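What follows is a single structure, written as structure tokens, with notes after it.
The values are calculated or read from the model by the stated rules, or taken from the named source; none is laboratory data. Predicted model only: the values in this text are computed from it and were never measured. FYI the Cβ positions are ideal-geometry reconstructions off the backbone, even for glycines, and counts take in every protein chain you see. Each accessible area value is taken on the protein alone, full model and side chains, heavy atoms only, with ligands, DNA and RNA left out. Shrake-Rupley method; radii C 1.70, N 1.55, O 1.52, S 1.80 Å.
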Amino acid sequence: MTKRLSALAVSAAVVGGFLITSVPAHAATPAGRGAVSTKAAITCNKNQMRQQIAALKDKAARLKQLGETAAAKKALSEAAAIQKKLDACIKADEDASKPFPG
């Protein structure tokens, strides 16, 4: 009887492991459907991103002069986020041009 229970437990564990590993990756993240495939196809418009950064920095300077420090900080953080994306795009372009990055 105990051999049957242990064999059943092992079988259940094996089947459970198989089911967990066989679930498609996109089913695990329903909020970001197709995130991997769409991110790979994104191209960066570097000039537009630079213009957005400059506009946000100008906006932050104007807001700071008006005494709106919280809104100025928000504009600067948005500019920093765009700058981070721009840096990532530039780095990706540089790495893509090399046959063997390293």
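Details
- Computed lengthening from Ser97 to Ser11, 0.36 nm per intervening residue step minus Cα-Cα distance: 26.0 nm
- Set of aspartates and glutamates near Lys84 by C-alpha distance (under 15 Å), chain-local residues within fewer than 8 positions excluded: Asp93
- With every protein chain in place and a 1.4 angstrom probe, the accessible-area ranking of Asp95, Asp87, largest first, reads Asp87, Asp95.
- Residue order for Thr43, Thr69 - accessible surface, 1.4 angstrom probe, largest first: Thr43, Thr69
- Taking Cβ atoms as reference points and 15 Å as the exclusive limit, the residues near Ala61 contribute a net charge of +3, counting Lys and Arg as +1 and Asp and Glu as -1.
- In this structure, the pairs whose alpha-carbon distance is over 25 Å, taken from Lys57/Lys85; Lys46/Lys73; Lys59/Lys91; Lys64/Lys91, are Lys59/Lys91; Lys64/Lys91.
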